[in-house]
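Student: I'd like to ask some things about the structure below.
The values are calculated or read from the model by the stated rules, or taken from the named source; none is laboratory data. The model shown is predicted, which means the values in this text are computed figures rather than measured ones. All Cβ positions, glycine included, derive from the backbone under ideal geometry; neighbour counts span all protein chains shown. With ligands, DNA and RNA removed, areas are computed over all heavy atoms of the protein, side chains included. Shrake-Rupley method; radii C 1.70, N 1.55, O 1.52, S 1.80 Å.
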Amino acid sequence: MNIGLDIMGGDFAPEATVLGAIEAQKHFSDKHTITLVGDSDAAKTILSREGVDHSLFNFVHTTQVIEMGDHATKSMRKKPDSSITIGFKLLGEGKLDAFSSAGNSGAMLIGSMFSIGPIGGVIRPCITSVLPKESGGVGVILDVGINADCKPDVLYQFAILGSLYAEFVFNIKSPKVGLLNIGEEKEKGNLLAQATHQLMEGSEDFNFVGNVEGREIFEDKADVVVCDGFTGNVILKEAEAFYTLIAKRGLLDDYFKRFNYENYGGTPVLGVNGNVLIGHGISNAKAIKNMLNLGLDLAEADLPNKIKKAFK
């Protein structure tokens with residue numbers, strides 16, 4: 001497997017990205033390669049400083065960078081030799097098995113939608129986040145930001161995407177799918193929730209267990225929690241803020257340490273023709289390492305092809 005990394009993406013690039021790649025490479029087997037996309041001279045300088053053999057990595061040199069403040073759509077067109085643009089080109093050509101970046105998230109989404117494109121039948125790709133379970137396991141929630149407004153058929157597809165992701169990447173057999181709502185009864189919620197429940201109820205495409213309330217998302221009632229991107233993003237940011245507050249007060253225990261975004265690195269874009277991961281802009285070396293590890297897991301799971309089969 002060849003896992004690509006935009007080494008120019010993120011607030012602390014290329015220092016944090018290259019250091020993260022060094023840490024990830026230590027855990028990769030000889031069958032797996034990390035390709036550093038960006039300023040190769042800068043990458044090699046850091047590798048030399050750290051005493052790391054350059055031959056452990058592939059390099060694709062680029063001369064442009066899509067900055068965090070750049071307009072996503074315009075920058076992809078105006079900066080054809082940027083690390084993000086070239087990364088998607090390599091992914092589309094099959095030269096990379098996954099491509100990740102902690103850079104401009106809008107550009108990463110534009111590249112996902114227009115450079116490699118959605119899988120046939122997928123109405124809207126989405127992004128997901130991990131839900132640490134108190135029991136020790138993990139769940140996923142989706143969407144967490146791309147699709148602020150959704151229709152019932154879109155949420156139904158999120159359930160399929162999330163179920164496949166949970167099964168083949170997190171090895172959860174027959175994952176339980178729940179619809180986020182304000183009550184357990186199927187009549188609860190707004191018009192979107194009610195209509196979506198009607199679609200999901202009795203589905204043979206996934207294991208639907210009914211509505212899930214906000215207080216239940218860290219429990220074992222559901223492995224996959226489905227919601228629109230507006231709601232999911234609020235929940236994600238709330239969890240991040242709660243972790244920060246607890247950490248500041250020195251109250252972290254083994255469970256709450258699992259809420260640290262660094263442990264997960266990035267989020268995959270589900271429903272597109274390739275493995276794409278978007279990292280947090282403030283990603284440090286640990287987060288980059290874990291994003292690369294997740295990219296390898298996605299590539300080994302061959303998730304896009306499994307999604308294609310499900311949507312035929």
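Student: From the protein chains alone at 1.4 Å, what is the descending order of accessible area for 237, 312, largest first? Walk me through the numbers on the way to the answer.
Tutor: Details: 237 105, 312 205 Å².
From most exposed to least exposed: 312, 237.
Student: Which lysines have a Cα less than 16 Å from the Cα of residue 79, not counting those fewer than 8 places away in the same chain?
Tutor: Cα-Cα hits under 16 Å: 89.
Student: Any idea how far apart residue 68 and residue 29 come out in nm if each label point goes 7 Å out from Cα toward Cβ?
Tutor: 3.8
Student: Rounded to the nearest 10 Å², what accessible area does residue 267 show when all protein chains are kept and the probe is 1.4 Å?
Tutor: In the full protein context, residue 267 sits at about 20 Å².
Student: Rank 175, 212, 292 by how far each Cα sits towards the positive end of the charge dipole of the chain (+1 on Lys, Arg Cβ; -1 on Asp, Glu Cβ) and give me just the farthest.
Tutor: So the residue furthest toward the plus end is 292.
Student: Can I ask one more? Taking the Cβ of residue 137 as the center, what net charge do the other residues with Cβ under 10 Å away carry, scoring Lys and Arg +1 and Asp and Glu -1? Can you show the working numbers first?
Tutor: Values: positive: 133; negative: 134, 220, 223.
Local net charge: -2.
Student: Please turn the phi angles of the range 232-249 into ³J(HN,Hα) values with the Karplus equation 6.51 cos²θ - 1.76 cosθ + 1.60 (θ = phi - 60°), one per residue in order, whole Hz, x for glycine and proline.
Tutor: Per-residue couplings from phi come out as x, 5, 4, 5, 4, 5, 5, 5, 5, 5, 5, 4, 4, 4, 5, 5, 4, 8 Hz.
Student: Separate question: Over the range 46-123, what relative contact order in percent results from Cα pairs under 8 Å that are six or more residues apart? Present the calculation step by step, with values, prior to reporting the outcome.
Tutor: Details: 73 pairs, mean separation 21.5, N = 78.
With pairs under 8 Å counted, the relative contact order is 28 percent.
Student: Using protein chains only and a probe of 1.4 angstrom, how many square angstrom of residue 220 are accessible, to the nearest 10?
Tutor: 80
Student: Going Cα to Cα from residue 289, which aspartates and glutamates come in below 14 Å? Please leave out same-chain ones fewer than 8 positions away.
Tutor: 6, 15, 23, 262, 297
Student: On a full-extension model of 0.36 nm per residue, what is the gain between residue 195 and residue 153, subtracting their alpha-carbon distance, rounded to one decimal in nm? If you can, show how the numbers build up before the last one.
Tutor: Working: separation 42, 0.36 × 42 = 15.12 nm, distance 0.92 nm.
Additional length available on full extension: 14.2 nm.
Student: With a cut-off of 8 Å between alpha carbons and a minimum separation of six or more residues, what is the relative contact order of the chain in percent? Please report the intermediate quantities before stating the final value.
Tutor: On the way: 673 pairs, mean separation 73.0, N = 312.
This gives 23 percent for the chain.
Student: Another question, then. Across the chain, where is the longest run that never hits GluC sites (Glu not before Pro) in a DSSP loop with at most 12 other C-beta atoms within 10 Å? Let's see the in-between values first.
Tutor: Working: sites that count: 50, 93, 134, 185, 187, 201, 204.
My reading of the result: 205-312 is the longest stretch.
Student: Distance cut-off 18 Å, Cα to Cα: go down the list 173/221; 133/173; 133/221; 221/308; 31/95 and report the pairs above it.
Tutor: Numbers: 173/221 14 Å; 133/173 16 Å; 133/221 10 Å; 221/308 28 Å; 31/95 15 Å.
In this structure, 221/308 exceed 18 Å between Cα atoms.
Student: Can I ask one more? Quick one: among 202, 178, 250, which has the greatest mean-square fluctuation in a GNM of the chain with alpha-carbon springs under 10 angstrom?
Tutor: 250
Student: Here's something else I'd like to know. Can you tell me the dipole magnitude for the range 148-289 around its Cα centre, using point charges on the Cβ only (Lys, Arg +1; Asp, Glu -1), in Debye to the nearest 20? Kindly include the intermediate steps, with their values, before the conclusion.
Tutor: Numbers: 14 positive and 20 negative charges, 136 e Å.
So the magnitude is around 660 debye.
Student: Sequence-distant or interchain residues sharing an amide H contact under 5 Å with residue 211, placed H: which?
Tutor: Under 5 Å from the amide H of residue 211 lie the amide H atoms of 179, each far enough along the sequence or on another chain.
Student: Test of understanding: in a Gaussian network model of the chain with alpha carbons linked when under 10 Å, which of 295, 189, 69 would top the mean-square fluctuation ranking?
Tutor: Maximum fluctuation in the GNM of the chain, among the listed residues, is at 69.
Student: Using a 1.4 angstrom probe on the protein heavy atoms only, could you order 68, 76, 108 from most to least accessible area? Kindly include the intermediate steps, with their values, before the conclusion.
Tutor: Details: 68 85, 76 30, 108 0 Å².
Descending order: 68, 76, 108.
Student: If you don't mind, there's one more thing I want to ask. To the nearest 500 deg cm²/dmol, what mean residue ellipticity at 222 nm is calculated for the chain from DSSP H runs of n ≥ 4 alone, each contributing -39,500 (n - 2.57), summed and divided by the residues?
Tutor: The helix contribution divided over the chain gives -11500 deg cm²/dmol.
Student: Roughly speaking, what is the centre-to-centre gap between the range 1-38 and the range 193-251 when only Cα atoms are used, to the nearest Å?
Tutor: 31
Student: Follow-up question, since we're still on this one. Whole Å is fine, so just give me how far the alpha carbon centre of the range 277-312 lies from that of the range 93-170.
Tutor: 9
Student: Given a 10 angstrom Cα cut-off, can you work out which residue in 287, 43, 148 is the most mobile in a GNM of the chain?
Tutor: Maximum among the listed residues: 148.
Student: Now a separate question. What is the range 156-312's relative contact order, in percent, from Cα pairs under 8 angstrom and six or more apart in sequence?
Tutor: Numbers: 202 pairs, mean separation 33.7, N = 157.
So the answer I get is 21 percent.
Student: On average, how much accessible surface per residue is there in the chain, in Å², for a 1.4 Å probe, leaving out ligands, DNA and RNA?
Tutor: On the way: 14010 Å² over 312 residues.
That works out to 45 Å² per residue.
Student: So, with a 1.4 angstrom probe, what is the percent of accessible area on the chain that is carbon and sulfur? All intermediate terms of the calculation are to be shown ahead of the outcome.
Tutor: Details: 7180 of 14010 Å².
The nonpolar share, carbon plus sulfur, comes to 51 percent.
Student: In addition: Enter the per residue convex hull volume of the range 1-146, computed from alpha-carbon coordinates, in Å³ rounded to the nearest integer.
Tutor: Working: hull volume 21.4 nm³, N = 146.
Cα convex hull per residue, to the nearest whole number: 146 Å³.
Student: Per-residue accessible area for residue 115 at 1.4 Å probe radius, Å² rounded to 10?
Tutor: 60
Student: Follow-up question, since we're still on this one. Please report, in Å, the Rg and the Dmax of the range 143-245, where both are computed over Cα atoms only.
Tutor: Cα radius of gyration and Dmax of the range 143-245 are 13.0, 42 Å respectively.
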